[in-house]
Amino acid sequence: MKRRWMVPLFWRIFLLIWLAMAVTVVVSKLASRVLLDRERAAIERQLELRDLGFEVAAIRDNRGRREAHRFLNAQGDELGLHLMMISADDDNRLPSAIRSRIKSGWYRQKPAIVDMGDGYRLVAWPKMHGEGWLEPKVFRIIEMGLAFVLITLACWLIARFVSRPMRHMEATAQAIAGGNTKLRVNERIAARRDEVGQLATAFNAMTDQLCKLLERQKHVLRDISHDLRTPLARQRVAIELASEGGVEDELMASILRQNERLETMTGQILTLYRVTEQGGGIAREAVRPVDILNHVLRDAVDYAEHQRVDCKLDSMPESTGVSVLGDSGLLQRAFDNILQNALDYTPPSKVVHVALALSSGWISLVIEDEGPGVADDILEHLFEPFFRADKSRGGQGWGLGLAISKDIILAHDGDITANNSERGGLQIVARLPVFAVD
């Protein structure tokens, strides 16, 4: 693949900020210059100073300087301006502030000056702040405001330039983690010639590879499970026929138990595959968790007696009439796996505590054993397929039961957690959203 020419993100941000500052300074100066030019032009246009100057010169020539001075004062009072006609060598009559403005090359609020010929000039400046005349504070406010707007706009564009693709990648990653493995980062972002584009390209490549591995794993589990079921069924028939032929009972019973364990494992793998594939698209109907739990407890009676473990049910009265939307068969498998896990790891003569509780629109199944518990650092791994906490709970399963329960509960829009209880054992809490309460 041909390597594309890349502009590093650092230099992009640097140049954008530098250009924003440069443009701010230039535009601010240009705006000030334009305002000043408009200010002086407005005075000259509004007052027609040149015509006024000729009129004053005529009055001075015909009636004297005093009459010309009176005329200028009258016009100034009418127009709200200071008006003075001075000779080239007589500018000391002007206030010092006005002289400094005239002598400066470029000064805010520079007076309007009209050359009248014969060495005379007409100078005009406002008596009060009016149209065509701006104070220095106004110019500073305009410059600062313009600079603030331009820099803010530049920073917003830079922040958007950097953060928008990051937010898109974050949303894509969350959607993929939620199960939508078909999503990828937008090609427009991946085509960028900077670090963001490289990150997006690497992200898409990584996601493709992970999805291929996950798909391959699903196919392996499915194929192995399907391939095992037929020979296991045939083996079971052969074992039963052999037992009828006089083979030692203890040996046949041992072989039959191992066959049943393999069949159970195969069924669990297929259930895990089915729930993972269907996700939230499973068939749903209104079912009562209390009825499912009672059925699970009845089925577990013999195994509990064999383990010499007692099951204690503590159900809130209001939970009896609660219904949830779901697949009763899958929910029964989830509840049974959680209970089976508790029975397997509860020592003889101990108790498994089972409870149903209703709270804030959720019904919770709490199953707590009195076993050795689980180390805190591996609690979060209990729901991973094929994970077994052998060091603390040395059981005989394959690490599929709780993983299947989690997928089933999540497919029903619920959640499931594990923690160590005050009694020292493991507590599993599965919550489901309530559909109706009778």
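Structure summary
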| item | result |
| --- | --- |
| Residue in the range 250-267 that is of a type in the set (S, T, N, Q), outside the structural domain of residue 365 (by TED's automatic domain parsing), touching a Ser or Thr at 6+ places or on another chain (Cβ under 9 Å) and modelled with pLDDT under 90 present | yes |
| Every residue from the range 407-425 that is part of a strand (DSSP E or B), in contact (Cβ under 8 Å) with a residue 24 or more places away in the chain and under 21 Å from residue 332 (Cβ atoms) | 416, 418 |
| Subset of the range 327-365 [of a type outside the set (Phe, Trp, Tyr), in contact with a Pro (Cβ under 9 Å, 6 or more places away or on another chain) and crowded, with 18+ Cβ neighbours inside 10 Å] | 331, 356, 363, 365 |
| The range 336-352, subset in contact with a strand residue (DSSP E or B) (Cβ under 9 Å, 6 or more places away or on another chain) and either free of Cβ contacts under 8 Å to residues at least 60 places away in the same chain or in a loop (DSSP other than H, G, I, E, B) (or both), residue nearest to residue 314 (Cα to Cα) | 352 |
| Candidate set: the range 278-302, residues that are at pLDDT below 85 and in a helix (DSSP H, G or I); chosen: the one farthest from residue 436 (Cα to Cα) | 302 |
| Single match in 124, 68 (criterion: crowded, with 18+ Cβ neighbours inside 10 Å, over 60 Å from the mean Cα position of the chain (by Cα), within 30 Å of residue 29 (Cβ to Cβ) and at pLDDT 75 or above) | 124 |
| Meets criteria (over 28 Å from residue 25 (Cα atoms), at pLDDT 75 or above, assigned to a helix (DSSP H, G or I) and in the same structural domain as residue 17 (by TED's automatic domain parsing)) for residue 82 | no |
| Hits in the range 130-149 (condition: touching a helix residue (DSSP H, G or I) at 6+ places or on another chain (Cβ under 8 Å) and at pLDDT 75 or above) | none |
| Residue match in the range 158-172 (condition: over 17 Å from the mean Cα position of the chain (by Cα) and at pLDDT 75 or above) | yes |
| Candidates 118, 77, filtered to the one that is closer than 15 Å to residue 50 by Cα, in the same structural domain as residue 52 (by TED's automatic domain parsing), among the acidic types (Asp, Glu) and modelled with pLDDT of 70 or more | 118 |
| Residue match in the range 361-370 (condition: farther than 22 Å from residue 436 by Cα, more than 37 Å from the chain's Cα centre (by Cα) and not aromatic (Phe, Trp, Tyr)) | yes |
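The values are calculated or read from the model by the stated rules, or taken from the named source; none is laboratory data. This one's a predicted model, so the numbers in the text were calculated from it and none came from an experiment. All Cβ positions, glycine included, derive from the backbone under ideal geometry; neighbour counts span all protein chains shown.
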